[in-house]
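Notes follow once the structure below has been shown.
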Amino acid sequence: MNLAEQLLRALKQRGATEIFGIPGDFALPLFREIERCGVLPLLTLSHEPAVGFAADAAARARGGLGVAAVTYGAGAFNLVNALAGAYAERVPLVLLSGAPAAHEAASGYLLHHQVKTLDSQWRVMQELTVDQARLDDARSAPQQIARVLDAALHASRPVYLEVPRDMPGVDCDEVPVRQVQPSDPDVVAAAAGELLRRLHGASRPMLMVGVEVRRYGLEARVAELARRLAIPVVTSFMGRGLLVDSGVPLRGTYLGLAGDAALSAEVEGSDALLLLGVILSDTNFAVSARRIDLRHAIQVLDGRVGMGHHVYPEVPLEALIDALLERVPSEGAAAGTVVPPAAEMAPMVADDAPVTPGDIAAAVNELLRGHGAMPLACDVGDCLFTAMDITPTALIAPGYYAGMGYGVPAGLGLQAATGQRPLVLVGDGAFQMTGWELGNAARLGLDPVVLVFNNAGWEMLRTFEPGMRFNELDRWDFASMAAGMGGDGHAVQTRAQLRAALAKAQATRGRFQLIDIRLAPGALSGTLSRFVGAVKRLSMPATGRQ
């Protein structure tokens, strides 16, 4: 068996179910072997950023590794932004890059796609990944592949494998199966013991669930822990969509000044706030009415547990959850006694009034109530803030790194990896970047429903710099472009048209459905309006506040 097939089998054993890629000359031998052996399907897209976003979304949606394959230089550098987002948001993405063969590297010529040196790409990837290997020796390749792939799963972050083009067909031994790094049971026990003492000694304990719970496949166990602890449970902004089908009575999503005031006050006033897998980012916490006192918070993130001045290093999240479950009895737990506030979802009004972001949320809620849950893939901007008003359902979005262009390729990656038809929420600016990947949907057997927030501008940026022409875009007719890409387009201006378009899109299978929602510039969701107002207010100099 050759090196490429051994690599593919190792990827599959660690949860990968497909490879997203774009071929190039340095990667052609690798792509040929991927197609020949058929261990994992190869799904090609049109531009490398979308390849990265689709692979990222696949890993988020189903767990395990996401895989992107590209050529050296011109291909890999196009994927840098997607790789950076995966690193920031804890996604185990594997980048496979073709590279010059050994004899080419030693030729003395400058090689096409080379930048400063042949190792320029390697050095960039060192900054964006937790481990790297150059597979230029078949004898050492099995151990290198195992080490790098296991590092991706252990750290839940991207890794890089460089495959010189003379290596994919070389005979190679089998890659060792995954080895889970052991934790010190005494350290885990000590961390779990102190954590529970702090929760039991608090008068206002609370649990906030974040993205690492999903990344490590722990939602079911965390849901059981939440039921046994019987304390209020919320998600972070980035963790929206977690524990949706778990039966845990979620109180909502913490959004600080942009969200429910009573819920925000409860979170910020907790004297034992358990932050389980929550990234301490500005998008999660920058608009807090009062800064959360981290001396009273319990931080479980990135393989460590922190409680005030006490820090327990090298405590895997999975080991900690298991230790807590061993110590919290299931008998007699007050499961279900923490009742969340009644959801106040605005009803859909189907009339001739112009559509607003709030109407989009109401229409999607009506669709989900009538036809069942659908996962959401969201871009950044008001489409993501609008998603906060949609009834909780599975959601993937770049809520921290906030890179534009994620939504459409993420929707394709989500459906390819899970088989679930997604709703994609995307602004017109982001659609102009990567929306054209929908032209690949028919070939790949995918049919997402895409809602374009078409407001002729970068609306979220316009809210911070009103009146600036650099935030303006032309009003593109996206609906009329859909047919040329193999889908159906629906132009929507009124609430009645939106309801009809959503119903038709949901009922039509086999072709992607693009709903081009013509929003008035300046029309914002309530959540984004509150978020922008809070950011502006909190960023004012202290002397300028009233």
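Bear in mind these aren't lab numbers, they're just calculated from the coordinates by the rules spelled out. It should be emphasised that the depicted structure is a prediction, and the values quoted were computed from it without experimental measurement. Quick reminder, even Gly has a Cβ in these numbers, built from the backbone with ideal geometry, and neighbours come from all protein chains shown.
Which of Met1, Met208, Met348, Met388 comes first, and how do the rest follow, when ranked by fewest Cβ neighbours within 10 Å? Walk me through the numbers on the way to the answer.
Details: Met1 11, Met208 25, Met348 19, Met388 22.
Fewest-to-most Cβ neighbours within 10 Å comes out as Met1, Met348, Met388, Met208.
Run the dipole for the chain about the Cα centre, Lys and Arg Cβ at +1, Asp and Glu Cβ at -1, nothing else charged, and hand back the magnitude in debye, nearest 20. Kindly include the intermediate steps, with their values, before the conclusion.
Values: 47 positive and 57 negative charges, 182 e Å.
Rounded to the nearest 20 debye, it is 880 debye.
Excluding same-chain residues fewer than 8 positions from Lys12, which aspartates and glutamates have a Cα within less than 17 Å of its Cα? Partners found: Glu33, Glu35, Asp56, Asp150, Asp173, Glu174. Using C-alpha pairs below 8 Å separated by at least 6 residues, the relative contact order for the chain is 13 percent.
Give me the percent relative contact order of the stretch 448-507, please, defined on Cα pairs under 8 angstrom at least 6 residues apart. The partial results should precede the final answer.
On the way: 35 pairs, mean separation 15.2, N = 60.
Computed over the stretch 448-507, the figure is 25 percent.
Each stretch of four or more DSSP H residues adds -39500 (n - 2.57); spread over every residue of the chain, this sum gives -11000 deg cm²/dmol at 222 nm.
Could you give the alpha-carbon Rg of the stretch 357-531 over 2.2 N^0.38 Å, rounded to two decimals? Present the calculation step by step, with values, prior to reporting the outcome.
On the way: Rg = 14.7 Å, N = 175, 2.2 N^0.38 = 15.7 Å.
The reported ratio for this selection is 0.94.
Annotation: the stretch 185-327 has a Kirkwood hydrodynamic radius of 14.9 angstrom, from the mean reciprocal C-alpha pair distance. Footprinting exposure proxy ranking of Asp428, Asp186, fewest other C-beta atoms within 10 angstrom first, gives Asp186, Asp428. A Cβ-based charge dipole, computed about the Cα centre of the stretch 397-480 with Lys and Arg at +1 and Asp and Glu at -1, lands at about 180 debye.
Within 12 Å, Cβ to Cβ, of Leu79, how many net charges do the neighbouring residues add up to if Lys/Arg are +1 and Asp/Glu are -1? Each step should come with its number before you reach the end.
On the way: positive: none; negative: Glu48, Asp56.
After counting each charged neighbour, the total is -2.
Inverting the pair-averaged 1/r between distinct Cα atoms of the chain gives 24.5 Å as its Kirkwood hydrodynamic radius. For the stretch 3-164, the residue among Ile22, Ala151, Ala76 whose Cα projects farthest onto the positive side of the dipole built from Cβ charges is Ala151. Put the Cα centre of the stretch 152-183 next to the Cα centre of the stretch 235-265 and the gap is 37 Å. A protection proxy built from the mean count of other Cβ atoms within 10 Å ranks the segments 402-409, 430-437, most packed first, as 402-409, 430-437. For the stretch 81-186, the set of chymotrypsin sites (Phe, Trp or Tyr not before Pro) satisfying both a DSSP loop assignment and a count of at most 10 other C-beta atoms within 10 Å is given as Tyr109.
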